[in-house]
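Below is one structure, written out as structure tokens, with a few remarks after it.
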């Protein structure tokens with residue numbers, strides 16, 4: 001094994017490889033590891049065994065971790081529970097909570113080789129008809145997830161069901177204030193307006209970051225798997241739809257999306273088409289969706305401010321992240337959230 005592979009962050013092959021051979025059916029040593037995604041979220045590695053079979057290993061980041069984040073056991077539990085449902089997920093293979101094997105819990109799942117639509121460049125790998133199908137499929141998968149009964153799949157006790165938005169508001173406000181981020185007056189004003197006007201809660205499983213960048217697609221635009229279950233919980237499904245719509249860009253937009261995505265490429269459905277499709281498939285009332293879009297913009301601004309503060313404090317390492325650019329993006333999201341709550345009549 002090369003020195004570069006040995007130095008991969010978060011992986012010590014000498015400890016992990018024997019565990020994989022023992023606990024993952026059919027896996028044959030030796031294995032090689034390569035980092036698929038990393039940075040500010042959980043780390044995902046491609047694990048290729050002696051037969052050339054690829055699997056994926058997922059573990060927390062190696063530093064700058066918030067105390068309540070990156071619970072791998074919780075993420076594993078959602079993966080196992082949803083595997084038999086209509087929600088496409090990678091096949092769960094094995095979970096390790098033995099700190100003698102690694103310095104953190106991790107799990108292994110099947111490797112899903114598809115197109116992850118994280119941005120416009122990725123979208124260019126699909127034809128225009130496939131892009132439209134991909135947008136439709138995102139909504140179909142979201143509606144399928146929100147239609148799963150938590151009790152029936154063994155997730156009924158994973159979290160409280162009530163007060164989801166209230167808890168989210170408290171959580172993100174607390175985290176952004178603990179991060180040491182400056183100039184939080186705008187975010188606090190938006191928080192107070194949102195907290196005073198929370199709509200009646202719908203119930204279901206909320207992914208927390210449900211968007212094309214957390215899904216793999218085939219060449220026809222069908223969703224092969226939904227990834228990144230670290231924020232999943234029981235709560236208000238409309239928060240997922242609000243997050244998706246706040247990130248779904250269209251030509252001519254004058255408000256920046258909460259996160260980069262593929263939808264500016266020709267062929268994708270419009271936001272209105274996405275919302276209408278979700279309403280038809282889920283049967284849910286989406287009349288309060290503008291509130292959830294405003295909440296999503298505020299949440300995005302909190303995340304951006306907190307991450308920037310941690311980078312500037314030197315606890316997130318240096319992976320080419322432009323702290324000042326992210327800070328400017330966060331500030332724009334804060335102003336967009338302020339405009340959104342004003343448009344809703346929640347703040348004068």
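The values are calculated or read from the model by the stated rules, or taken from the named source; none is laboratory data. Keep in mind that this is a model prediction, so the values were computed, not measured. As a convention, Cβ positions derive from the backbone with ideal geometry for all residues, glycine included, and neighbour counts pool all protein chains shown.
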When only residues in segment 80-96 that are assigned to a loop (DSSP other than H, G, I, E, B) and in contact (Cβ under 8 Å) with a residue 40 or more places away in the chain count, which is surrounded by the fewest Cβ atoms within 10 Å (Cβ to Cβ)? 84
Tally, over segment 170-186, of residues that are assigned to a loop (DSSP other than H, G, I, E, B) and under 22 Å from residue 198 (Cα atoms): 1
Sole miss for residue 268 among (1) surrounded by fewer than 24 Cβ atoms within 10 Å (Cβ to Cβ); (2) assigned to a loop (DSSP other than H, G, I, E, B); (3) modelled with pLDDT of 95 or more is condition (1)
Step by step: first the residues of segment 31-74, then only those that are modelled with pLDDT of 95 or more and part of a loop (DSSP other than H, G, I, E, B), then the one that is nearest to residue 216 (Cα to Cα). Which residue is that? 53
Which condition from (1) surrounded by fewer than 21 Cβ atoms within 10 Å (Cβ to Cβ); (2) within 14 Å of residue 118 (Cβ to Cβ); (3) over 14 Å from the mean Cα position of the chain (by Cα) is the one that residue 209 breaks? (3)
Looking at segment 138-146, can you tell me whether even one residue there is in contact with a helix residue (DSSP H, G or I) (Cβ under 7 Å, 6 or more places away or on another chain) and not in a helix (DSSP H, G or I)? no
If we scan segment 156-165, do we find a residue that is in a helix (DSSP H, G or I) and assigned by TED's automatic domain parsing to the domain that holds residue 236? yes
Just the residues that are in a helix (DSSP H, G or I) and surrounded by fewer than 20 Cβ atoms within 10 Å (Cβ to Cβ), please, taken from segment 187-206. 188, 189, 192, 195
Residue list for segment 147-163, restricted to those being touching a helix residue (DSSP H, G or I) at 6+ places or on another chain (Cβ under 6 Å) and surrounded by 17 or more Cβ atoms within 10 Å (Cβ to Cβ): 153, 155
Within segment 233-252, identify whether any single residue is within 27 Å of residue 111 (Cα to Cα), assigned to a loop (DSSP other than H, G, I, E, B) and at pLDDT below 95, and answer yes or no. no
Residue among 99, 77 that alone is part of a loop (DSSP other than H, G, I, E, B), in the same structural domain as residue 44 (by TED's automatic domain parsing) and either on the phi < 0 side of the Ramachandran plot or surrounded by fewer than 17 Cβ atoms within 10 Å (Cβ to Cβ) (or both): 99
Only one of (1) without any contact (Cβ under 8 Å) to a residue 24 or more places away in the chain; (2) on the phi > 0 side of the Ramachandran plot fails for residue 185. Which number is that? (2)
Could we say that residue 238 is buried (at least 24 other Cβ atoms within 10 Å of the Cβ) and on the phi < 0 side of the Ramachandran plot here? yes
Residues to consider are 222, 265, 256; find the one that is touching a helix residue (DSSP H, G or I) at 6+ places or on another chain (Cβ under 8 Å) and within 26 Å of residue 43 (Cα to Cα). 222
